[in-house]
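K.L.:
Got a structure for you, questions after.
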Amino acid sequence: MSGLAASASAAPSLPSWSSLATSRFTPVAIAAPSFRTQACGLRCWIAAKLKLRKALKRHHGWQLQRNLDARGNDKVPDYLEPASQTEKRSHWNMHLAYDSGGEMANTSSDTLDSSTVHEISVPQGHIPSEISFAVQKEEYAVSRRHSNNEPSLCIAVIGATGELARTKVFPALFALYYSGFLPRNVGIFGYSRKKLTDESLRSIIEANLTCRVDHHENCDGKLSEFLKRTYYVDAGHDNKEGMVRLNSRMAQIENIGAANRIFYLAVPQEALLDVALPLADGAQTKQGWNRIIIEKPFGFTGLSSQQVTQSMLSRFDEKQIYRIDHLLGKDLIENLTVLRFSNLVFEPLWSRTYIRNVQVIFSEETSNEIQGRYFGNYGIIRDIVHSHILQTIALFAMEPPVSLDGEDIRDEKVKVLRSIRKVDLEDVVLGQLKDTSGKVDRYTKSMTPTYFAAAMYIDNARWDGVPFLIRTGMGLMTNRAEIRIQFRHVPGNIYRERFGHDIDLDTNELVLRDQPEEAILLKVNNKVPGLGLQLDASELNLLYRDRYNTEVVPDSYEHLLLDVLDGDSHLFMRSDELAAAWNVLTPIIHEIDQNRVAPELYEAGDRGPINAYYLAAKHGVRWDDDCQSCTICLL
């Protein structure tokens, strides 16, 4: 108690609040008001405030902050509330003085013109209430702002008027804002070369914004708040000047303290460096972190990708760059590591000892994007296989990481990519959609594939000899996204004769499916109820629509943007992963180009090239059971 008493005695003595409340300025008699005397009065207020700020810090600051900490809330103490309209006007005048500019705010009473400054008589130990209220209120606000110093966040969408930004990025940002994952003081900035205003951009964004089923409560209010925090910056003809303007507008809404920024580069690869390099020089904050999101495809060749990577790393750190592939934001991908590493029943089986083959399947029935993306220069190999398919294989086949940290996971993924064996041309099947409507006939002279199937092998101790069959295509009969793991046969199976000549019927399978409906399926052999011994291959299924509320599943862009905000990089390709993926595909791309391999044509809504089934049979694999009626599958 003696220590406590000593501490209390060390606190500065405080003047009584009643004496503060009763004190007032003595009026100054002035013959006629003039601009000079009015300016003089304003400067007097400022000079007095500067002096009183020091006095308050010395006499009241310690006790005020201690009282606020003891109260544990943000409510302004009653003794800081204004007592009259006169005090409110005094408070307003002081803030006008500070907002008017730095020179006036920094004016000292020692430098004021003595002929125009009328000395204000303040009794010792007393503080004028008008000044005391304003200064105390400001001291209170400053103390709370520093104690709850939440960093501000600005998100800039470069290429804001493009289709990707309008239909995917802005809706995902609004969904995150509605759910409370973005701070309420966030600033959303659109940046492009079009001549628009803030209101014009808001109208464009609003046309594509809707609330999810679980976001209908106060949807209009949230939408209005979001749009008010959306601003437009005209890039003009020079990105250097445009980025300076973007930086200036961001700085206008940022806090004095920490300020973080995210830049989503929704631009074509050809324009990436034209935007990224000026951004690095003119739009990065120095008060917090900067994160740059880059859209796929990541280069046209391994060499061009390396050049872009080197240019980016000359201006940004590796940890700042997030190479996004929206297909990796699916729950199927996130569930890979969860299912394997959190369930003892699966982890011991995850190797060549028990797994016979792995199938990675991704197909879409729509062909709307084919004209712009697949019949162009990139094709399905550079767009889908390079990122989505190889990243899926890497996450599936990697060794257990040291932790769930993004860098630890990426360390293991890159080891898998470096271990993939060189793909032979004989183990590749190319296809191209044959469209009979006449809409894409002008592309039929192109050799760019819209379908790709291949057999890959990982040369390491865990997966040696296990074929990884991949199949991806556009314009096929169904939308499918799944990973199918087929296990080896039971050695010396005593029930083998019960399955007849088709021994594949007794194969156990684990299916992780995202489309057509999310599910985890495990195929097991089971006795049919009744007399006799009849076996049946049944499925133990976990259908997400039965177990979870799948109507409110967030979009993949929401997942990935939230990961960027959290600094979680495990679903984004690092530079060494990017190079390793190109090392896998570059040789086969060169062979295809040199030999001018013609893709096999297939009809829209079909299963794809027939040679894909011969390829699977060559490696002792039967494609998934959607083709058991096909003649080739029964060979």
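K.L.:
Kindly report the accessible area of the range 328-619 per residue (heavy atoms of protein chains, probe 1.4 Å, no ligands, DNA or RNA), in Å².
P.N.:
Working: 13270 Å² over 292 residues.
Computed with neighbouring chains in place, this is 45 Å² per residue.
K.L.:
Let me ask something else. Return the long-range amide H neighbours of residue 187 (sequence gap of 5 or more, or a different chain), with a cut-off of under 5 Å between placed amide H atoms.
P.N.:
Under 5 Å from the amide H of residue 187 lie the amide H atoms of 153, 154, 155, each far enough along the sequence or on another chain.
K.L.:
Next question. Determine the equivalent ellipsoid of the range 153-295 by diagonalising the alpha-carbon gyration tensor, then write out the semi-axes as square roots of 5 times the eigenvalues, largest first, rounded to whole Å.
P.N.:
Listed largest to smallest, the semi-axes of the range 153-295 are 24, 17, 13 Å.
K.L.:
Under 5 Å between amide H atoms, partner at least 5 residues away or on a different chain: which partners does residue 508 have, H built in plane at 1.01 Å?
P.N.:
Here 487 satisfy the definition.
K.L.:
Per q in 0.18, 0.21 Å⁻¹, report the Debye log10 I(q)/I(0) for the range 285-423, using one uniform scatterer on each alpha carbon and no solvent.
P.N.:
Each listed q maps to, in turn, -1.27, -1.50.
K.L.:
Right, next: If you count, for each residue, the other Cβ atoms within 10 Å and average over each peptide, how do 223-232, 598-607 line up from highest to lowest? Before the final figure, lay out the partial values.
P.N.:
Values: 223-232: 18.3, 598-607: 16.7.
Packing proxy ranking, top to bottom: 223-232, 598-607.
K.L.:
Carbon and sulfur together cover what percent of the accessible area of the range 328-619 at a 1.4 Å probe radius? Display every interim value, and only then the final one.
P.N.:
Values: 6680 of 13270 Å².
Of the solvent-accessible surface of the range 328-619, carbon and sulfur hold 50 percent.
K.L.:
Here is a further query. Taking a probe of 1.4 angstrom, what is the accessible area of residue 341 in Å², to the nearest 10?
P.N.:
Number for this one is 80 Å².
K.L.:
So for the range 328-619, Kirkwood radius off the Cα pairs, Stokes-Einstein at 10 °C and 1.306 mPa s: how many µm² s⁻¹? It would help to have the intermediate numbers written out before the result.
P.N.:
Details: Rh = 20.6 Å.
So the translational diffusion coefficient is about 77 µm²/s.
K.L.:
Provide the per-residue ³J(HN,Hα) series for the range 259-274, in order, calculated from phi with Karplus coefficients 6.51, -1.76, 1.60 and θ = phi - 60°, each as a whole number of Hz, with x at glycine and proline positions.
P.N.:
Those phi angles translate into 9, 10, 9, 10, 10, 9, 8, 8, 10, x, 4, 5, 9, 4, 5, 4 Hz.
K.L.:
Long-range amide H contacts for residue 535: which residues qualify at under 5 Å (H placed 1.01 Å from N, peptide plane, sequence gap of 5 or more or a different chain)?
P.N.:
Long-range HN contacts for residue 535: 528.
K.L.:
Also: Hand me the chymotrypsin sites (Phe, Trp or Tyr not before Pro) from the range 296-331 located in a DSSP loop with no more than 13 other Cβ atoms within 10 Å, in residue order please.
P.N.:
none
K.L.:
Further, regarding this structure: Taking 18 Å as the cut-off for C-alpha to C-alpha distance, list the pairs among 413/523; 319/413; 434/618 that go past it.
P.N.:
Working: 413/523 28 Å; 319/413 16 Å; 434/618 26 Å.
Distance filter (> 18 Å) returns 413/523; 434/618.
K.L.:
Give me the percent of DSSP beta bridges within the range 328-619 that run antiparallel, rounded to the nearest 5.
P.N.:
Values: 40 of 52 bridges.
Bridges in the range 328-619 are about 75 percent antiparallel.
K.L.:
For Cα pairs less than 8 Å apart in space and 6+ apart in sequence, what is the mean separation divided by the residue count of the range 328-619, i.e. the relative contact order in percent? It would help to have the intermediate numbers written out before the result.
P.N.:
Details: 484 pairs, mean separation 78.8, N = 292.
Normalised by residue count, the contact order of the range 328-619 is 27 percent.
K.L.:
Write down the accessible area per residue of the range 153-295 in Å², having rolled a 1.4 Å probe over the full set of protein chains. Walk me through the numbers before you get to the answer.
P.N.:
Values: 6330 Å² over 143 residues.
Accessible area per residue: 44 Å².
K.L.:
With a 1.4 Å probe and every protein chain left in place, tell me how much accessible area residue 576 has, in Å² to the nearest 10.
P.N.:
Surface open to solvent at residue 576 totals about 50 Å².
The values are calculated or read from the model by the stated rules, or taken from the named source; none is laboratory data. Note that the structure is a prediction, hence the values are computed from the model and not measured. Positions of Cβ are generated from backbone atoms using ideal geometry, with glycine treated the same way; all protein chains shown enter the neighbour counts. These accessible areas exclude ligands, DNA and RNA; they are computed on the full protein's heavy atoms, side chains included. Shrake-Rupley method; radii C 1.70, N 1.55, O 1.52, S 1.80 Å.
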